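Let me begin by presenting the structure, written as structure tokens, before commenting on it.
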Amino acid sequence: METTYYQLLEIKTTSTDEEIKRAYFKIIKQYPVDQYPEEFKAIRIAYDTLRNAQTRKEYDMKMIHGDLVEQLQKEAMDAYSVDDFEKAKRLFKEVLSIVPMQTEIRNYYALSFLFSEEYNQALQQFRIVVQEEPENVTYQLNYGNALENSGREDEAIRHYKKMYIMWPDEMNPLFALVDLYLNRDEDDKALKTLDQAISSQEKTESFHVFYYLAKRIKVSVLLRNQIELTKSIKLCKNLLDKHESERGKMLSDLTDLALDLYDRKLYGYAKPILEFIQKERIEPNEKFDSLVEETNNRANVYDEFEMLERDEKVMKWVKNIFILYLHGNDFTEEEFNEYSNTAYNNLHDSSFYNPKETLKSIKRVLIKYPHLYETREKALADFMATCKEAIQCEEEFERLKDDYDVCHPIKRLIAYYLIYFDSDEEKKEMFESIKADMIDESDRSLRRSVNRLEMQYPSLFNLNESFFRDLQ
């Protein structure tokens, strides 16, 4: 059975404050701190608990209801861990009715209200928590988070600023303030806050400044601001020169940050960080150099794609080919195959039925986005060939329309091949009409028309060469 605080001090549960004090001073003489550090520590905890009326009352309640409190607390935490906040609230409240000064339990009770979006109740409980343990940074951050979620953002800002003043070496209050500014689209304030913290930390020559720089890099990426990213990396260089002993850790942390950007396909932002690391590394590393080269290549491709997406002079059918190439991993295999077939069929139809505009789009990609073009060079070259053949067909058809040596049914058949139909029913109806015209035409006329088609209009003849051979 566990020794109670009363047993430790060798007193009764009914002892007065004066009796507790006398017992404490008597027993510590038997356990000097230099000879019995663990025993002395346990005695001190017992004395600090029992000499305070509130903590003594709570301890007494735990002695009486210890097993029940432990069981309720376990059930409450189990419910909390699976997001069953209604059950958790009920059980935490039961625990607090027995031991009201259990600050940690009250914190979870408040969090349960917060995650249930009952913000007023959450704030009410968090106020009690921070009053009981004002030096606990985690509890203070939770209170700030509750202020944010309840729409009291200005109060949250003041709270985070107060926390940073109280604990200048604590990074989380400052980061919470920066994130709140970003959520409010106050990007300049977010960067200014970080810059002030960096400047302040540099004066103390604390390496804490690196973590603020790492946050500044993340914010620059979030804002898609290459200028601010470059500035952040330059500040890292200055810091590295001052803290040579921290070089290994700093470069390792920056590498992790860059790899995270790489995994998220933000190659244009990973590139300058990796290049900086590459220059600052003491020993060469072929694997790392290969990663930098690959990142550079991918950065060129993805940077061009960002511009391509905004380029209204390139048709969507061409853009879709690159979306599949660059973001194919975001789809299941079945989805990828389906979208891929659709994208290529659409571009093929566009190449045949709208060849001039399609060719213009592909050539624009070739000239303006060369790295991107290389990723799908063969496919696009094939589509360009299709476009050119289709354009040749259009030019030949313009001449064919006025050629009286080719009968009308054959001209209609060529038009059938060149026209895009909105429905299969419309397509079938026209083909039946053409067949009827051909039946009415003499064999000699048909043969002469097909022969002339082969000699004078080779691109049109090739639209369905096997059929025309059979007709001959």
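The values are calculated or read from the model by the stated rules, or taken from the named source; none is laboratory data. All values reported here derive from a predicted model rather than from experimental measurement. With ideal geometry, Cβ positions are generated from the backbone for all residues, glycine too; neighbour counts draw on all protein chains shown.
For the range 136-159, how many residues meet the condition of being under 22 Å from Asp185 (Cβ atoms), in a helix (DSSP H, G or I) and not hydrophobic (A, V, I, L, M, F, W, C)?
Result for the range 136-159: 9.
In the range 416-440, which residue that is out of contact with any Leu (no Cβ under 9 Å at 6 or more places or on another chain), in a helix (DSSP H, G or I) and hydrophobic (A, V, I, L, M, F, W, C) is nearest to Tyr353 (Cα to Cα)?
Looking at the filtered set, the residue picked out is Met430.
Here's the yes/no breakdown for (1) among the β-branched types (Val, Ile, Thr); (2) more than 17 Å from Thr3 (Cβ to Cβ); (3) modelled with pLDDT of 85 or more:
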site: Gln35; (1), (2), (3): no, yes, yes
site: Lys41; (1), (2), (3): no, no, yes
site: Ala46; (1), (2), (3): no, no, yes
site: Asn52; (1), (2), (3): no, yes, no
site: Arg56; (1), (2), (3): no, no, no
site: Leu68; (1), (2), (3): no, yes, no
site: Asp78; (1), (2), (3): no, yes, yes
site: Asp83; (1), (2), (3): no, yes, yes
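Based on what the data block shows, is Ile105 closer than 30 Å to Gln71 by Cβ and either outside any helix (DSSP H, G or I) or among the β-branched types (Val, Ile, Thr) (or both)? Let's see the steps before the verdict.
On the way: closer than 30 Å to Gln71 by Cβ: yes; either outside any helix (DSSP H, G or I) or among the β-branched types (Val, Ile, Thr) (or both): yes.
It is true that Ile105 is closer than 30 Å to Gln71 by Cβ and either outside any helix (DSSP H, G or I) or among the β-branched types (Val, Ile, Thr) (or both).
Output the residues belonging to the range 280-309 that are touching a Lys or Arg at 6+ places or on another chain (Cβ under 7 Å), closer than 16 Å to Ile321 by Cβ and either of a type in the set (Gly, Ala, Ser) or in contact (Cβ under 8 Å) with a residue 40 or more places away in the chain (or both).
Result: Leu308, single match.
Suppose the filter is touching a helix residue (DSSP H, G or I) at 6+ places or on another chain (Cβ under 9 Å), hydroxyl-bearing (Ser, Thr, Tyr) and modelled with pLDDT of 90 or more; does Tyr457 pass it? Steps first, please.
Working: touching a helix residue (DSSP H, G or I) at 6+ places or on another chain (Cβ under 9 Å): yes; hydroxyl-bearing (Ser, Thr, Tyr): yes; modelled with pLDDT of 90 or more: yes.
The answer is yes for Tyr457.
For the range 310-329, give me the residue count where each residue is β-branched (Val, Ile, Thr) and without any contact (Cβ under 8 Å) to a residue 40 or more places away in the chain. Full working, then the answer.
Quick first cut of the range 310-329, residues β-branched (Val, Ile, Thr) only: 314, 318, 321, 323.
After this cut, where a residue has to be without any contact (Cβ under 8 Å) to a residue 40 or more places away in the chain as well, the list is 323.
The total comes to 1.
Find the residue count for the range 244-273, including only residues that are of a type in the set (Gly, Ala, Ser) and within 19 Å of the chain's Cα centre (by Cα). First the steps, then the outcome.
Filtering the range 244-273 down to residues of a type in the set (Gly, Ala, Ser) leaves 245, 248, 252, 258, 268, 270.
So of that shortlist, the ones also within 19 Å of the chain's Cα centre (by Cα) come out as 258, 268, 270.
Residues that pass the stated criteria total 3.
Which residue out of Ser459, Ser361, Ser449 is over 20 Å from Asp349 (Cα atoms) and assigned to a helix (DSSP H, G or I)?
Working: Ser459 fails: over 20 Å from Asp349 (Cα atoms); Ser361 fails: over 20 Å from Asp349 (Cα atoms).
Exactly one residue qualifies, and that residue is Ser449.
Can you name the residue in the range 302-325 that is of a type in the set (D, E, K, R) and assigned to a helix (DSSP H, G or I) and, of all such residues, is farthest from Phe352 (Cα to Cα)?
Residues of the range 302-325 that are of a type in the set (D, E, K, R), as a first pass: 303-304, 306, 309-313, 316, 319.
From what's left, assigned to a helix (DSSP H, G or I): 303-304, 306, 309-310, 316, 319.
On the way: Asp303: 30, Glu304: 27, Glu306: 28, Glu309: 23, Arg310: 25, Lys316: 16, Lys319: 17 Å.
Filtering the range 302-325 for residues that are of a type in the set (D, E, K, R) and assigned to a helix (DSSP H, G or I), the one farthest from Phe352 (Cα to Cα) comes out as Asp303.
Assuming Phe322 fulfils every condition listed in (1) assigned by TED's automatic domain parsing to the domain that holds Lys363; (2) surrounded by fewer than 15 Cβ atoms within 10 Å (Cβ to Cβ); (3) not polar (S, T, N, Q) apart from one, which condition is it?
Status for Phe322: all satisfied but (2).
Which of the following residues is closer than 30 Å to Phe113 by Cβ, touching a helix residue (DSSP H, G or I) at 6+ places or on another chain (Cβ under 9 Å) and free of Cβ contacts under 8 Å to residues at least 60 places away in the same chain: Gln54, Gln73? Step through it out loud before you land on a result.
On the way: Gln54 fails: touching a helix residue (DSSP H, G or I) at 6+ places or on another chain (Cβ under 9 Å).
Every option except Gln73 fails the conditions.
Name the one entry in Ser466, Ser449, Ser423, Ser433 that is in contact with a Cys (Cβ under 8 Å, 6 or more places away or on another chain) and on the phi < 0 side of the Ramachandran plot. Spell out the reasoning first.
On the way: Ser466 fails: in contact with a Cys (Cβ under 8 Å, 6 or more places away or on another chain); Ser423 fails: in contact with a Cys (Cβ under 8 Å, 6 or more places away or on another chain); Ser433 fails: in contact with a Cys (Cβ under 8 Å, 6 or more places away or on another chain).
None of the others qualify; the one that does is Ser449.
Among the numbered criteria (1) hydrophobic (A, V, I, L, M, F, W, C); (2) within 17 Å of Lys162 (Cα to Cα); (3) at pLDDT below 90, which one does Val130 miss?
(3)
Among the residues of the range 69-83, what is the count of those that are over 11 Å from Ile105 (Cβ atoms) and either surrounded by 15 or more Cβ atoms within 10 Å (Cβ to Cβ) or touching a Leu at 6+ places or on another chain (Cβ under 6 Å) (or both)?
Kept after step one, since they are over 11 Å from Ile105 (Cβ atoms), are these residues of the range 69-83: 70-71, 74-75, 78-79, 81-83.
Subsequent filtering for residues that are either surrounded by 15 or more Cβ atoms within 10 Å (Cβ to Cβ) or touching a Leu at 6+ places or on another chain (Cβ under 6 Å) (or both) retains 75, 79.
Going through the range 69-83 one residue at a time, the tally reaches 2.
Could you check Leu229 against (1) closer than 22 Å to Asp169 by Cα; (2) out of contact with any Lys or Arg (no Cβ under 8 Å at 6 or more places or on another chain); (3) buried (at least 21 other Cβ atoms within 10 Å of the Cβ) and say which number it fails?
For Leu229, the exception is condition (1).
Residues Asp241, Asp188, Asp195: which one is modelled with pLDDT under 90 and over 17 Å from Tyr269 (Cβ atoms)?
On the way: Asp188 fails: modelled with pLDDT under 90; Asp195 fails: modelled with pLDDT under 90.
After applying the criteria, what remains is Asp241.
Listed here are the residues, each with its yes/no results for (1) in contact with a Ser or Thr (Cβ under 8 Å, 6 or more places away or on another chain); (2) in contact (Cβ under 8 Å) with a residue 40 or more places away in the chain; (3) not in a helix (DSSP H, G or I).
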residue: Thr230; (1), (2), (3): no, yes, no
residue: Leu235; (1), (2), (3): no, no, no
residue: Asn238; (1), (2), (3): no, no, no
residue: Asp241; (1), (2), (3): no, no, no
residue: Leu251; (1), (2), (3): no, no, no
residue: Tyr262; (1), (2), (3): yes, no, no
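Could you figure out which of (1) exposed (fewer than 12 other Cβ atoms within 10 Å of the Cβ); (2) assigned to a helix (DSSP H, G or I); (3) over 53 Å from the mean Cα position of the chain (by Cα); (4) not acidic (Asp, Glu) isn't true of Leu8?
Of (1) exposed (fewer than 12 other Cβ atoms within 10 Å of the Cβ); (2) assigned to a helix (DSSP H, G or I); (3) over 53 Å from the mean Cα position of the chain (by Cα); (4) not acidic (Asp, Glu), only one is false for Leu8: (1).
Which of the residues spanning the range 335-352 are out of contact with any Leu (no Cβ under 8 Å at 6 or more places or on another chain) and surrounded by fewer than 18 Cβ atoms within 10 Å (Cβ to Cβ)? Show your work before the answer.
First, the residues of the range 335-352 that are out of contact with any Leu (no Cβ under 8 Å at 6 or more places or on another chain): 335, 337-338, 341-342, 344-350, 352.
Residues satisfying the conditions are Glu335, Asn337, Glu338, Asn341, Thr342, Tyr344, Asn345, Asn346, His348, Asp349.
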